[in-house]
Amino acid sequence: MPVLWLVIAVLLLAAAGYVAGRQRALTSAGNDPRDLHSLPSYYGSHVFIKTAVPALIAMMLWLLVQPLVIESRISNVIPDTAISADTTRSLVMADVRRVAEGLNLAVNQGAMSAEDAARVRADTTDVRERLGEVGIALGSDVEPYVLQAAQSYRALSAAMSTWMTLFVAALAIAGCAIGLMRTRKDFRARNVVEAAILALLMLASTIAILTTLGIILSMLFETRNFFQQYPWHDFFFGLTWSPSFSGRGGASQLGIVPLLWGTLYISFIALLVAVPIGLFAAIYMSEYASPKARAVAKPLIEILAGIPTIVYGLFALITVGPLLRDYFAQPMGLGESASSVMTAGIVMGIMLIPFVSSLSDDIINAVPQAMRDGSLGLGATQSETIKQVIVPAALPGIVGAILLAASRAIGETMIVVLGAGAAAKLDLNPFEAMTTVTVKIVSQLTGDTDFASAETLVAFALGLTLFVITLGLNVLALYIVRKYREQYE
Amino acid sequence: MNDMRFTERAVVEDKKIAAKGVQVYYGSNHAIKDVNVDILDKTVTAFIGPSGCGKSTFLRCINRMNDTIDIARVEGDILLDGEDIYDAKVDPVQLRAKVGMVFQKPNPFPKSIYDNVAYGPRIHGLARTKADLDEIVEKSLRRAALWDEAKDRLEQPGTGLSGGQQQRLCIARAVATSPEVLLMDEPCSALDPIATAQVEELIDELRERFSVVIVTHSMQQAARVSQRTAFFHLGELVEYGETGQIFTNPEDPRTESYITGRIG
Ligand SMILES: Nc1ncnc2c1ncn2[C@@H]1O[C@H](COP(=O)(O)OP(=O)(O)OP(=O)(O)O)[C@@H](O)[C@H]1O
Ligand SMILES: [Mg+2]
């Protein structure tokens with residue numbers, strides 16, 4: 001709780017600083033706000049920021065560092081003799097923390113006085129029993145050195161918390177004082193506050209970028225481990241995917257080609273379904289539908305986007321799959337399997353319709369009415385206007401929508417598992433079961449996994465490849481959009 | 001006796017557009033109030049009047065562009081060559097091919113300059129060969145006084161032109177379709193005096209074959225290019241007649257105040 005109180009105290013001080021700063025600025029201008037460089041509230045905000053921000057940042061850093069410092073100090077206290085064959089230093093440290101926690105609890109509940117907690121000795125008191133009374137169950141009797149370490153753990157964290165409180169309070173007061181001292185009628189408070197807001201915005205974007213970088217780096221790292229165990233050309237050019245898990249023996253063949261083929265084949269069929277239907281629906285909605293029809297139909301189409309993919313998967317498994325098998329695949333002699341590329345592709349396409357239609361609809365609506373007027377005014381029909389003016393003008397956005405849908409298709413897993421199966425195959429027949437990269441990532445990482453074997457690490461290589469492909473798609477989308485922008489604006 | 005009948009017949013024949021009791025409402029806003037006007041063939045008619053008085057609105061009635069505005073409602077009759085253009089039989093698309101329009105705000109398509117001008121001819125199949133089309137495009141651009149500036153950049157987007165060039169591009173685009181009536185809504189608002197003079201020359205030239213209606217805020221322009229002038233005020237047609245008559249000897253005091261600069 002002390003941390004919460006500290007935060008509240010700092011914020012209260014900052015709020016007081018706000019009022020004081022505002023008042024001080026007004027006074028310095030002889031109570032005429034027109035003489036101030038900035039609006040009075042900016043002076044208040046400036047003092048608020050100076051008070052709260054450095055103090056709270058310092059507190060956060062302190063809270064991050066404190067446990068590390070304490071751990072390293074205490075683990076030095078533990079004698080080397082205590083670390084025997086069947087325990088490690090970190091296990092002993094876990095004991096220490098648990099005992100320290102127990103002592104805290106005992107003191108809080110009044111079962112032990114603070115001095116008792118600091119002085120008890122393992123040889124005179126049954127610590128295990130007394131901690132048991134307050135609800136901390138220990139697995140074995142407390143060794144004297146553990147108890148000692150726990151006591152110094154408590155003492156150290158108490159001391160450090162006190163120091164932190166003092167330090168943070170001092171920072172807040174100093175910040176408040178500096179802020180107030182700067183407050184004068186010529187002080188450019190608005191610029192300072194705006195710089196602080198800018199810093200906040202930059203921080204937000206940096207976090208997003210750093211997270212992406214972190215993901216890429218971790219994938220890169222594991223992928224490197226994988227390629228140390230498995231030759232890269234076999235991975236990228238291998239035509240067979242047959243991992244063998246330890247125990248069943250035999251060497252694995254981890255070629256990505258069949259998986260990529262399955263991914264692209266299924267995505268292609270999905271787009272073949274989604275793009276025309278979605279685009280035509282969007283054109284109807286934005287150009288022909290009456291406001292009433294639009295108000296009903298648009299939300300209905302968007303409901304499709306809210307259905308969980310697992311439900312689409314079930315639809316593929318029990319309805320579309322058997323239907324395609326019985327009415328198309330078997331009569332044409334193309335296969336006996338209900339799970340097929342076609343099944344997954346069609347169902348995924350249905351899932352993607354609202355992505356394409358909703359985005360394209362917005363984009364088509366954004367084409368200015370003056371374009372339509374210009375074309376209609378020259379005696380063009382509505383459909384000529386749409387074909388020759390509106391769709392070309394909206395094309396960059398439509399391409400963006402399609403590529404977004406493609407990224408979704410490539411990353412989709414559930415529909416594929418239930419609709420197309422999990423057999424990696426390299427085949428042209430769309431009624432054959434196949435599978436995709438994402439499905440294999442899941443299956444390589446589920447169950448008993450050993451994060452050192454190539455069979456598991458391959459998942460990271462697969463993930464990275466997928467990432468590079470979707471990144472490529474996005475770059476392509478940006479390029480296309482920019483190319484048309486240059487031409488059209 | 002004979003002479004009288006002859007002049008009367010000539011006037012009836014010359015009438016290209018006849019508007020009778022036209023009312024336009026935007027929702028509950030009564031924007032055009034009972035306008036009666038006869039626009040003559042092979043004549044330039046100028047619409048003048050203060051901003052917001054309904055000049056553009058009335059112009060848009062003549063080729064049914066108000067159909068595209070959901071809240072707009074048009075009442076009364078507008079006859080083109082004696083045929084009611086608001087009749088259910090009339091196809092607004094065909095009407096607009098006959099009655100071309102240059103809008104108040106330039107609105108070039110996001111296409112090349114060439115494709116902008118070729119748009120109408122392509123849709124209506126006016127050119128049989130590529131050479132035909134090239135000729136139409138060149139002629140139209142020349143008439144709109146844009147050819148010299150645009151001839152080396154025909155493949156560049158029309159949206160990349162300056163405001164005044166875009167305005168002339170829109171004029172060229174409308175002329176290329178060879179309409180029977182050309183409605184021009186402030187076609188020179190962004191043009192310099194030289195380009196304005198060229199466009200006025202074009203309007204004069206068009207008069208030989210078409211009927212032209214031009215909205216303008218420039219009294220001099222109305223006096224220079226038009227034979228007939230209509231003065232609108234607050235949605236009403238206050239006065240309509242010979243341009244010379246309107247400018248030198250207006251009947252209505254509001255017209256006089258406007259052209260001498262006291263209202264508007
Ligand atoms: N699309 C519209 N929706 C609603 N009201 C409109 C619309 N267009 C015009 N109006 C209204 O109709 C009236 C006449 O407008 P109009 O555009 O015809 O004026 P104008 O004479 O062309 O003016 P200006 O010289 O400024 O172009 C105005 O009161 C305007 O607010
Ligand atoms: Mg206007």
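We did not get these values from a lab; they are worked out from the coordinates using the rules stated. All of these numbers come straight from a predicted model, not from anything done at the bench. Note that each Cβ is placed from the backbone with ideal geometry, even for glycine, and that neighbours are counted across all protein chains shown.
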query = Dividing the convex hull volume of the alpha carbon atoms of the protein assembly as shown by its residue count, what do you get in Å³ per residue?
reply = 302
inquiry  = Number of Lys pairs in the stretch A:253-488 with C-alpha atoms less than 26 angstrom apart, excluding same-chain neighbours closer than eight positions?
reply    = 4
task = At a Cα cut-off below 14 Å, give the aspartates and glutamates reachable from A:Lys50, other chains included and same-chain residues fewer than 8 away excluded.
result = A:Glu194
task = Set Lys and Arg Cβ to +1 and Asp and Glu Cβ to -1, take the dipole of the protein assembly as shown about its Cα centre, and tell me which of B:Gln165, A:Pro354, A:Asn191 lies farthest positive.
result = A:Asn191
ask   = Is there a simple number for the mean count of other chain Cβ atoms within 10 Å of the Cβ of residues in B:119-125, and what is it?
value = 4
task = Quick one: what are the phi-derived ³J(HN,Hα) couplings along the stretch A:341-348, Karplus 6.51/-1.76/1.60 with θ = phi - 60°, whole Hz, x for glycine and proline?
result = 4, 4, 4, 4, x, 5, 5, 5
Length-normalised contact order for the stretch A:253-488 - Cα pairs under 8 Å, 6+ apart - percent = 29
ask   = Which one of A:Ile310, A:Ala270, A:Ala297 has its Cα pushed farthest toward the positive end of the charge dipole of the stretch A:269-401, where Lys and Arg give +1 and Asp and Glu give -1 at the Cβ?
value = A:Ala297
inquiry  = For chain A, take the longest principal axis of its alpha carbons; what is the angle in degrees between that and the long axis of helix A:89-109, to the nearest 10 within 0 to 90?
reply    = 70
key: Inter-part distance where the stretch A:286-316 and the stretch B:184-262 are each reduced to a Cα centre, Å   = 53
key: Dimensions in Å of the stretch A:196-350 - Rg and Dmax from alpha carbons   = 22.8, 70
request  = Please list, in chain and number order, the residues 5+ apart from A:Thr240 or on another chain whose amide H is under 5 Å from its amide H, with Hs placed from the backbone.
outcome  = A:Gly255
ask   = To the nearest 0.05, what FRET efficiency results for A:Arg119 and A:Val65 with a Förster distance of 22 Å applied to their C-beta separation?
value = 0.15
message = Testing the spin-label approximation: label points 7 Å from Cα along Cα→Cβ at A:Trp163 and A:Phe280. State their distance in nm.
response = 7.3
key: Spin-label model distance (nm) - A:Gln229 vs A:Ala452, 7 Å beyond Cα toward Cβ   = 0.9
Placed amide H near A:Glu432: partners under 5 Å, 5+ positions off or other chain = A:Val341, A:Met342
inquiry  = Less than 10 Å Cβ to Cβ from B:Asp38, Lys/Arg counted +1 and Asp/Glu -1: what total charge do the surrounding residues give?
reply    = +3
query = What shape does the stretch A:253-488 have by the C-alpha gyration tensor, where a ≥ b ≥ c are the square roots of the eigenvalues, rounded means a/c under 1.5, and otherwise prolate means a/b greater than b/c and oblate the rest?
reply = prolate
remark   = quick note, the protein assembly as shown, DSSP beta bridge pairs, % antiparallel (nearest 5) is 60
Charged-residue dipole, Cβ positions (Lys, Arg, Asp, Glu), the protein assembly as shown about Cα centre, Debye nearest 20 = 1280
inquiry  = To test your reading of the geometry: what angle, between 0 and 90 degrees and rounded to tens, separates the Cα axis of helix A:144-182 from the longest principal axis of chain A?
reply    = 80
ask   = What FRET efficiency, computed as 1/(1 + (r/R0)^6) with R0 = 35 Å and r the Cβ-Cβ distance, is obtained for A:Thr206 and A:Leu264, rounded to the nearest 0.05?
value = 0.50
note = Everything considered on the Cα gyration tensor (a ≥ b ≥ c; rounded for a/c under 1.5, else prolate if a/b is larger than b/c, else oblate), the stretch A:117-247 must be described as oblate
ask   = For the protein assembly as shown, what is the calculated [θ] at 222 nm in deg cm²/dmol (nearest 500), taking -39500 (n - 2.57) for each run of four or more DSSP H residues and dividing by its residue count?
value = -20000 deg cm²/dmol
query = How far is the Cα center of the stretch A:447-471 from the Cα center of the stretch A:403-427, in Å?
reply = 16
key: Rounded tilt (10° steps) of A:2-28 against the dominant C-alpha axis of chain A   = 90
ask   = Given B:Asn66, B:Ala127, B:Ile194, which one lies farthest toward the positive end of the charge dipole of chain B, if we put +1 on the Cβ of every Lys and Arg and -1 on the Cβ of every Asp and Glu?
value = B:Ala127
request  = From the P(r) of the stretch A:3-187, can you give the percent of Cα pairs sitting at distances over 29 Å?
outcome  = 45
task = Name the residues whose placed amide hydrogens come within less than 5 Å of the amide hydrogen of B:His233, ignoring near sequence neighbours (fewer than 5 apart) on the same chain.
result = B:Val238
ask   = Once phi is turned into ³J(HN,Hα) by the Karplus curve 6.51 cos²θ - 1.76 cosθ + 1.60 with θ = phi - 60°, what whole-Hz value does each residue of the stretch B:209-226 show in order, with x for glycine and proline?
value = 10, 10, 9, 10, 10, 10, 9, 8, 9, 9, 4, 4, 4, 4, 5, 6, 9, 9
query = Rounded to the nearest 0.05, what FRET efficiency do B:Ala88 and B:Tyr25 have when you use their Cβ-Cβ distance and R0 = 25 Å?
reply = 0.80
inquiry  = Below 17 Å, Cα to Cα, which lysines can B:Lys42 reach? Residues fewer than 8 away in the same chain don't count.
reply    = B:Lys15, B:Lys16, B:Lys98
Karplus 3J(HN,Hα) series, Hz, for the stretch B:166-183 with 6.51 cos²θ - 1.76 cosθ + 1.60 (x for Gly, Pro) = 4, 4, 5, 4, 5, 5, 4, 5, 6, 5, 4, 7, 6, x, 8, 10, 10, 9
